[in-house]
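Below is one structure, written out as structure tokens, with a few remarks after it.
The values are calculated or read from the model by the stated rules, or taken from the named source; none is laboratory data. On a predicted model such as this, the values are computed, not experimentally measured, just so you know. All Cβ positions, glycine included, derive from the backbone under ideal geometry; neighbour counts span all protein chains shown.
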């Protein structure tokens with residue numbers, strides 16, 4: 001029997017700190033639910049909205065692959081390696097935290113909120129030298145196709161990370177249908193719906209729903225105009 | 001009520017300090033740090049720990065050696081890997097471990 005897990009948007013843990021509103025698919029910070037710890041190497045999927053001019057002060061990370069994908073607004077990143085960057089919708093940022101890194105993340109705009117996905121994956125190699133990368137995919141064709149924006153390979157499309165994972169992003173017209181074939185048949189796929197409604201292997205998903213399927217390729221059909229993030233991740237590493 | 005004693009091993013002093021500060025904010029937990037495997041073993045022998053967090057700088061071989069050593073000294077101790085270096089995963093890692101899900 002196919003193993004699946006459905007995370008409806010409304011079941012995400014909600015944290016409201018005033019300046020930050022966060023919807024968290026998996027256990028994070030002070031919230032612990034043993035049934036919501038991870039989907040394989042996918043450990044954190046936070047849907048964060050930060051008020052104008054606000055942000056996360058300097059804080060550390062180690063031994064995680066940290067991926068940020070802005071959905072609205074502009075995020076400003078500064079880190080202890082000396083990187084300073086703005087990240088906007090249509091871009092993806094990755095930090096391999098490795099042996100340790102400090103960074104800040106602030107809303108560059110003083111008036112408008114920034115909304116972004118913060119995604120953490122367990123790495124398949126510990127204690128690596130920290131690194132940072134950022135790429136722009138806004139000009140690339142993702143209309144009615146799945147565009148690769150992340151992989152394990154330095155020479156492949158998109159950014160790369162220390163994990164046997166691939167991320168694809170798609171913007172679909174209503175009724176568009178496509179398949180996603182696993183790159184590694186031992187992996188699973190976690191689909192996150194950023195906008196609209198889709199069916200994945202017949203399961204209806206609405207905006208901000210997440211759906212994980214192990215060891216199976218998937219068929220995605222847009223029930224409305226939709227934007228999806230498809231994350232292929234390993235179960236074990 | 002006795003606090004849960006937690007030994008944290010991490011070779012990054014600032015990250016270790018952050019983790020300990022976060023642990024000790026919880027009035028039910030008491031965190032003590034070590035920056036090397038040798039210091040961790042020496043500290044472990046001097047105190048009664050309920051939980052050990054193996055953080056940054058600990059490779060797989062060191063982890064296995066430490067597990068063997070800690071379990072030989074206290075078979076009930078729970079040992080887990082800490083990931084992230086900060087507050088994001090720490091609480092649920094500790095909660096999950098104390099629920100009996102350690103290494």
Checking residue B:40 against (1) within 15 Å of residue B:9 (Cβ to Cβ); (2) within 14 Å of chain A (Cβ to nearest Cβ), which test does it fail? (2)
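What are the residues in region B:73-88 that are in contact with a strand residue (DSSP E or B) (Cβ under 7 Å, 6 or more places away or on another chain) and either within 14 Å of chain A (Cβ to nearest Cβ) or at positive phi (or both), if any? Spell out the reasoning first.
Just the residues of region B:73-88 that are in contact with a strand residue (DSSP E or B) (Cβ under 7 Å, 6 or more places away or on another chain), to begin with: B:77-82, B:84-86, B:88.
Passing the criteria: B:80, B:81, B:82, B:84, B:85, B:86, B:88.
A quick yes/no check of all residues on (1) within 14 Å of another protein chain (Cβ to nearest Cβ); (2) at pLDDT 95 or above; (3) in contact with a helix residue (DSSP H, G or I) (Cβ under 9 Å, 6 or more places away or on another chain):
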{"site": "B:14", "(1), (2), (3)": "yes, no, no"}
{"site": "B:25", "(1), (2), (3)": "yes, yes, no"}
{"site": "B:35", "(1), (2), (3)": "yes, yes, yes"}
{"site": "B:51", "(1), (2), (3)": "no, yes, yes"}
{"site": "B:63", "(1), (2), (3)": "yes, yes, no"}
{"site": "B:67", "(1), (2), (3)": "no, yes, no"}
Criterion: surrounded by fewer than 20 Cβ atoms within 10 Å (Cβ to Cβ), at pLDDT below 95 and touching a strand residue (DSSP E or B) at 6+ places or on another chain (Cβ under 9 Å) - qualifying residue of A:141, A:173, A:156: A:141
Select the strands (runs of 3 or more DSSP E) contained entirely in region B:7-103, then report the ones holding at least 3 residues which are over 28 Å from residue A:119 (Cα atoms) and without any contact (Cβ under 8 Å) to a residue 60 or more places away in the chain. B:29-34
Segments classed as strands (runs of 3 or more DSSP E), wholly inside region A:1-66, with at least 2 members that are facing another protein chain (nearest Cβ under 10 Å): A:42-50, A:55-61
Failed condition for residue A:93, given (1) surrounded by fewer than 19 Cβ atoms within 10 Å (Cβ to Cβ); (2) more than 14 Å from chain B (Cβ to nearest Cβ); (3) not in a loop (DSSP other than H, G, I, E, B), with all others met? (1)
Consider residue A:105 against the criteria (1) surrounded by fewer than 22 Cβ atoms within 10 Å (Cβ to Cβ); (2) without any contact (Cβ under 8 Å) to a residue 60 or more places away in the chain: it satisfies all of them except one. Which criterion is unmet? (1)
